[in-house]
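The values are calculated or read from the model by the stated rules, or taken from the named source; none is laboratory data. These numbers were taken from a predicted model, which means no experiment stands behind them. Cβ atoms come from the backbone with ideal geometry, glycine included; neighbour counts cover every protein chain shown. These area figures cover heavy atoms from the full protein model, side chains too; ligands, DNA and RNA do not enter into them. Shrake-Rupley method; radii C 1.70, N 1.55, O 1.52, S 1.80 Å.
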Amino acid sequence: AAVAATGSTPTRPVASRTTLPSASANRVGSRPTPTFLPGRSAVPLPDSMSFTDAAAVPLVFLTAWRMLITKAQMQPGEEVLIHSASAGVGTACIQIAKRCGARVIATGSSDEKNERARALGADAVINHRSEDVVTRVRELTKKRGVDVVVDYIGLDTWPTSIQCLRRGGRLVTC
């Protein structure tokens, strides 16, 4: 949305292209009329980013944040398994988990997707089409299992997720 005006004391330069980081920024709801909000709620968009892409960022990052921080209460030094880590929510989970100081084990269906996860910060990757995920997780964790599993896939990965958890571990889904 284009910025039409600012208050008398802006705290930072106003960009001509902005987005709202979450629905909570607009307390009166979504509508195509002017919206009034605190300046800290408007995030400048780079010219290279479309409004469609900008709309996806809060979707995946807020989902990932809620799973890892709010629900799993991830702590530094913990180990997390993220299924299909090169997908949108998975890429956000990798970045948030690394920011928390976690060790990230990512799964993907191809070497190319796993390299993408590694580039985002995954410490270890598992190609779930050619490797047994439970066996590899047990190897990578010295038979302990992971503290947290992020599973937004469902039925296909649920048994694997349970088997990869350490005793007392947390499984989160969205």
Q.
Need the C-alpha centroid separation for segment 123-147 versus segment 159-174, integer Å.
A. 13
**Q.** Relative contact order of segment 48-174, pairs being alpha-carbon contacts under 8 Å that are 6 or more residues apart, as %
**A.** 24
Q: Leaving out ligands and nucleic acids, note down the accessible area per residue over segment 69-134 with a 1.4 angstrom probe, in whole Å².
A: 45
(Q) Out of the total accessible area of segment 110-174 (probe 1.4 Å, heavy atoms of protein only), what percent is carbon and sulfur? (A) 50
Q | Protection proxy ranking of 80-87, 142-149 - average other beta-carbon atoms within 10 Å, highest first | A | 80-87, 142-149
Q. Rg to Rh ratio, segment 65-147, alpha-carbon atoms and Kirkwood radius?
A. 0.94
